[in-house]
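Participant: Structure incoming, see below.
The values are calculated or read from the model by the stated rules, or taken from the named source; none is laboratory data. Because the structure is a prediction, the values reported are computed rather than measured. So basically every Cβ, Gly included, is an ideal-geometry build from the backbone, and we count neighbours across all protein chains shown.
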Amino acid sequence: MKDLSALLTELGLQDVRTYIQSGNVVLRAPQKGEAALAAQIASSIEKHHGFRPTTMVLTLDSFRKIAAENPFSGDTIDPKSLHVGFMARSPQKPDLDGLRSLCSGGEDFRLQGNALYLFLPGRVGKSRLAARAEALIGEPVTMRNQNTVSSILELGSGLA
């Protein structure tokens with residue numbers, strides 16, 4: 001993550017803070033335009049490391065909104081069971097029937113705009129729903145559990 005922080009700082013981004021070894025970064029960007037910044041970051045990583053990752057940039061307000069709208073959140077829900085799939089844009093033709101057919105063991109999902117909310121009471125690694133979600137959504141999805149979402153929000157709040 002030190003390399004990533006240095007690379008982002010080289011691009012002129014400010015107050016770069018990373019969260020564990022997950023590729024999650026909170027920062028200040030002098031320019032506007034999430035898509036343009038995501039492309040710039042991906043290009044720089046490719047130039048320096050030889051691979052081009054799917055890169056997504058969300059404003060702190062967008063991230064907060066997605067986190068706040070989780071329909072499965074609640075005091076009685078184990079945060080390890082909650083997952084949010086972030087997308088750069090809303091999917092155009094998601095296969096909701098296909099997603100429904102994969103729900104088992106109390107699993108559930110909601111697709112709202114550019115967020116996919118998953119309730120996975122079992123282990124995420126054994127969930128067919130989690131494994132196939134991106135393919136059935138038709139957009140790149142980066143999945144984070146509720147504990148990670150909360151930690152990123154806290155990190156971002158330090159910049160606000």
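Participant: For residues that are touching a residue at least 24 places away in the same chain (Cβ under 8 Å) and either over 20 Å from Pro53 (Cβ atoms) or not assigned by TED's automatic domain parsing to the domain that holds Ser90 (or both), tally how many sit in the stretch 116-126.
Facilitator: Count: 6.
Participant: Pairs please, first residue from the stretch 50-62 and on the phi < 0 side of the Ramachandran plot, second anywhere and of a type outside the set (A, V, I, L, M, F, W, C) and assigned to a loop (DSSP other than H, G, I, E, B), Cβ atoms under 8 Å, 6+ apart in sequence or on different chains.
Facilitator: Pro53/Gly23; Thr54/Pro140; Met56/Pro140
Participant: Next question, about the same structure. Could you tell me whether the stretch 34-47 includes any residue that is outside any helix (DSSP H, G or I) and of a type outside the set (A, V, I, L, M, F, W, C)?
Facilitator: Kept after step one, since they are outside any helix (DSSP H, G or I), are these residues of the stretch 34-47: none.
No, the stretch 34-47 contains no residue that is outside any helix (DSSP H, G or I) and of a type outside the set (A, V, I, L, M, F, W, C).
Participant: When the residues of the stretch 48-67 are filtered to those that are touching a helix residue (DSSP H, G or I) at 6+ places or on another chain (Cβ under 9 Å) and among the charged types (D, E, K, R), which remaining residue is nearest to Val149 (Cα to Cα)? Break it down stepwise before answering.
Facilitator: Step one: filter the stretch 48-67 for residues touching a helix residue (DSSP H, G or I) at 6+ places or on another chain (Cβ under 9 Å), giving 48-49, 51-60, 62-64, 66-67.
Those left that are additionally among the charged types (D, E, K, R): 52, 64.
Numbers: Arg52: 24, Arg64: 9 Å.
So, considering only residues that are touching a helix residue (DSSP H, G or I) at 6+ places or on another chain (Cβ under 9 Å) and among the charged types (D, E, K, R), the one nearest to Val149 (Cα to Cα) is Arg64.
Participant: Determine, yes or no, whether Asn70 is under 17 Å from Arg144 (Cβ atoms), crowded, with 19+ Cβ neighbours inside 10 Å, out of contact with any His (no Cβ under 9 Å at 6 or more places or on another chain) and not hydrophobic (A, V, I, L, M, F, W, C). Outline the logic, then answer.
Facilitator: Numbers: under 17 Å from Arg144 (Cβ atoms): yes; crowded, with 19+ Cβ neighbours inside 10 Å: yes; out of contact with any His (no Cβ under 9 Å at 6 or more places or on another chain): yes; not hydrophobic (A, V, I, L, M, F, W, C): yes.
Considered against the rule, which asks whether it is under 17 Å from Arg144 (Cβ atoms), crowded, with 19+ Cβ neighbours inside 10 Å, out of contact with any His (no Cβ under 9 Å at 6 or more places or on another chain) and not hydrophobic (A, V, I, L, M, F, W, C), Asn70 comes out as yes.
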